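Remarks on the structure that follows.
The values are calculated or read from the model by the stated rules, or taken from the named source; none is laboratory data. Small disclaimer: the values here were computed from a predicted structure and weren't measured. Here the Cβ positions follow ideal geometry from the backbone for every residue, glycine too, while neighbour counts run over all protein chains shown.
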Amino acid sequence: MKYKELYDFGALALMEAGIAEASLDARLLLEFICHTNRNDLLVHGDKEVLKEEQDIYVNYIERRKAHEPLQHITGEQEFMGLVFEVNENVLVPRQDTEVLVEEAMRCLHDGMSVLDMCTGSGCILLSLLKYSNGCKGVGADISPEAVATAKRNAQKSQIAEVSFVESDLFESVEGRYDIIVSNPPYISTGEISDLMEEVKVYEPVLALDGGEDGLFFYRKIIEEAPEYLNGGGYLFFEIGYDQAGAVTDEMKKAGYKEVTAVKDYAGLDRVVYGYMS
Ligand code: GLN
């Protein structure tokens, strides 16, 4: 089969299965298998695809038809210009989370230390370290599989000044940090069943479920973080679009200063931060 024929087959199959971005996903899977880019589809559509590549493609299309996330099939997701390994044990890094990294970057000066609570794939911490000078960091996660994934991602992005610890929130965390960042699970338990199949069936519920009102982890982290922050240290959260008010109030009540909400590129509240004097 030719490249273009294979792509047409994939796009149609995904569209008929009701996959939202059928043609995009069909193209990305083909490019992933054939190590090509968009240009090849446009310019070299007549090129024959190797039989073994065709077979892999048909298999990947079947998996995607069953709503398996594209990133679980390819095993990777780009975030802040870096490529992260992802699997069923970690949340797939979301583009929205880049706003958290960009905001935290503004307070992260040379040589500072960072703690990433609920680190998952490690995408937040590793991006912060990649784009700063002489900073070091610790990532904590309750899941041993997530910690193992984050460690592989550190190697992959060649970041040495980092360690990861299996920890139920701060339980096994030591030391104090200049910045604590966290994108904790924040979907309320009752809303998990409304999520799209790609998320609710394939992504770890541990990384999503924020308790009855979605705020469980914010409260715990807000309460315990001061013991792990250096004087003047910042706490940065990613939040759900309707959580800015609640998280801001909790932080102010707990004594954080200049608590600020920041919007994402869609105009939705996405980040809340403040510092402890
Ligand atoms: N910190 C990781 C991320 O933002 C994982 C977040 C989580 O598991 N809730 O992608």
Screening Gly137, Gly111 for residues that are surrounded by fewer than 18 Cβ atoms within 10 Å (Cβ to Cβ), assigned by TED's automatic domain parsing to the domain that holds Asn183, under 23 Å from Tyr228 (Cβ atoms) and not polar (S, T, N, Q) leaves only Gly111
Over region 66-83, the set of residues hydrophobic (A, V, I, L, M, F, W, C) and assigned to a loop (DSSP other than H, G, I, E, B) is Ala66, Met80
Only one of Ser127, Ser132, Ser121 is at negative phi, touching a helix residue (DSSP H, G or I) at 6+ places or on another chain (Cβ under 9 Å), modelled with pLDDT of 95 or more and within 9 Å of the ligand (Cβ to nearest atom), namely Ser121
In region 201-224, anything assigned to a helix (DSSP H, G or I) and out of contact with any Phe, Trp or Tyr (no Cβ under 8 Å at 6 or more places or on another chain) is listed as Val201, Tyr202, Val205, Leu206, Ala207, Phe216, Arg219, Lys220, Glu223
Subset of region 158-188, residues in contact with a Gly (Cβ under 6 Å, 6 or more places away or on another chain) and either closer than 19 Å to Val90 by Cα or not assigned by TED's automatic domain parsing to the domain that holds Val114 (or both), comes to Val162, Phe164, Pro185, Tyr186, Ile187, Ser188
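Can you go through Ala160, Ala140 and tell me which one is within 21 Å of Gly210 (Cα to Cα) and not in a helix (DSSP H, G or I)?
Exactly one of Ala160, Ala140 is within 21 Å of Gly210 (Cα to Cα) and not in a helix (DSSP H, G or I), namely Ala140.
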Scanning region 200-250 for residues that are out of contact with any strand residue (DSSP E or B) (no Cβ under 8 Å at 6 or more places or on another chain) and among the aromatic types (Phe, Trp, Tyr) gives Tyr202, Phe216
Restricting region 220-257 to residues that are of a type in the set (S, T, N, Q) and touching a residue at least 40 places away in the same chain (Cβ under 8 Å), the one farthest from Ser277 (Cα to Cα) turns out to be Gln243
Residues of region 171-201 being away from the ligand (no atom under 14 Å from the Cβ) and under 15 Å from the mean Cα position of the chain (by Cα), in sequence order, are Glu198
Residue pairs qualifying under the 6 Å Cβ cut-off, at least six apart or on distinct chains, with the first in region 258-272 being assigned by TED's automatic domain parsing to the domain that holds Glu102 and surrounded by 18 or more Cβ atoms within 10 Å (Cβ to Cβ) and the second being assigned to a loop (DSSP other than H, G, I, E, B) and among the acidic types (Asp, Glu), are Arg270/Asp264
Flagged pairs (Cβ under 8 angstrom, 6 or more apart or on separate chains; first in region 184-210, basic (Lys, Arg); second more than 14 Å from the ligand (Cβ to nearest atom) and in a helix (DSSP H, G or I)) are Lys200/Ser193
